[in-house]
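No value in this document is a laboratory result; all are computed from the given coordinates. Quick caveat, the model's predicted, so the values are computed rather than measured. Virtual Cβ from ideal backbone geometry, glycine too; neighbours counted across all protein chains shown.
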Amino acid sequence: MMLEKMRQLVKDKDTCVLATVSQGKPHCSLMAYVCDDAGSEIYMVTQRETLKYKNLLKNPSVSLLIDTREDHPGPQRANAKAMTVDGFFVKIEDEGKRKEVKARLLKRHPHLKVFLDDPDAETFCIKIKSYLLLDGLTEAHFEEV
């Protein structure tokens, strides 16, 4: 099933490009992430004073790019997958959930420890609405969640 392949790609990878928008101007950020067990929510952390976070507060609609280009060097690059994830920002209000997300982020990205311990850092959720997977140069698949 294609939806499961798309969710598996989200689970297998741990970095993405996060695109936010403010006043009609896009802003892209390279982000470390983890996802929930279902592959339907993506969790990240950022400083509250960043442009991306201010954009998220003003406009919760986001786009993420997750890809496999590093798995396909040189001439095999044509076999890479690139998936656009359409979603929306949600604050994590529950303290228990926030602790769980921080623990997951720390386990997958130990280099983020100082960042995660910073009182000005905010962990947040992107709820996934749809996936658009480009498999190689010509094959495209779209799934709404």
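What the table shows:
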read-out: Subset tally (residues that are farther than 21 Å from Lys99 by Cβ and among the acidic types (Asp, Glu)) for region 26-82; value: 4
read-out: Any hit, region 25-34, residues being loosely packed, with under 14 Cβ neighbours inside 10 Å, out of contact with any strand residue (DSSP E or B) (no Cβ under 7 Å at 6 or more places or on another chain) and in contact (Cβ under 8 Å) with a residue 12 or more places away in the chain; value: no
read-out: Any hit, region 91-103, residues being surrounded by 14 or more Cβ atoms within 10 Å (Cβ to Cβ), under 14 Å from Ala32 (Cα atoms) and touching a helix residue (DSSP H, G or I) at 6+ places or on another chain (Cβ under 6 Å); value: yes
read-out: Selection from region 35-84 of residues that are over 22 Å from Leu3 (Cα atoms), assigned to a loop (DSSP other than H, G, I, E, B) and touching a residue at least 40 places away in the same chain (Cβ under 8 Å); value: Arg48, Glu49
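So that you can scan it fast, the table gives a plain yes or no per residue for (1) touching a Lys or Arg at 6+ places or on another chain (Cβ under 6 Å); (2) within 16 Å of Met44 (Cβ to Cβ):
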| position | (1), (2) |
| --- | --- |
| Gln76 | no, no |
| Thr84 | no, no |
| Phe88 | yes, yes |
| Asp94 | no, no |
| Val101 | no, yes |
| Lys107 | no, yes |
| Leu112 | no, yes |
| Asp120 | yes, yes |
| Cys125 | no, yes |
